[in-house]
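Comments concern the structure below.
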Amino acid sequence: MTLYTMEEFNEAFKPIDDEHDQTWQFESKDQATKEAKKFNQEHPYRHIWTVVDGDDGSLVAINGYHFCNRLFYIVCETHWGEGLPSDKDIYIEAEY
């Protein structure tokens, strides 16, 4: 597992912002996927992160789609993984 601070995460993956320069939060998987397809038509999931409620009450961004403890999705310009079957073994977490 790779763990990033929020500053490291922002620098490495570049989350997209809304018109108020806040990280854009997507309520549904479909909304996030539609936005992520602007960066990658074939593998949009590689640009999607799920923000979840962590075990200790903190917020954590985890690469990919997740449903347990999900609060919202964010989309980043920079992808994680390489679009290979081995991507399923990649687990990246960032303080949010």
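Per the helix-only calculation at 222 nm, which mean residue ellipticity applies to the chain, given -39500 (n - 2.57) for every DSSP H run of n ≥ 4 and division by its residues, nearest 500 deg cm²/dmol? Value at 222 nm, helices only: -4500 deg cm²/dmol. Assign one of three labels to the range 1-45, namely rounded, prolate or oblate, based on the Cα gyration tensor with a ≥ b ≥ c the square roots of its eigenvalues; rounded applies when a/c is under 1.5, prolate when it is not and a/b is larger than b/c, and oblate otherwise. Because a/c hits 1.5 or more and a/b fails to exceed b/c, the range 1-45 counts as oblate.
Values quoted throughout were computed directly from the atomic coordinates according to the rules given, and no laboratory measurement underlies them. On a predicted model such as this, the values are computed, not experimentally measured, just so you know.
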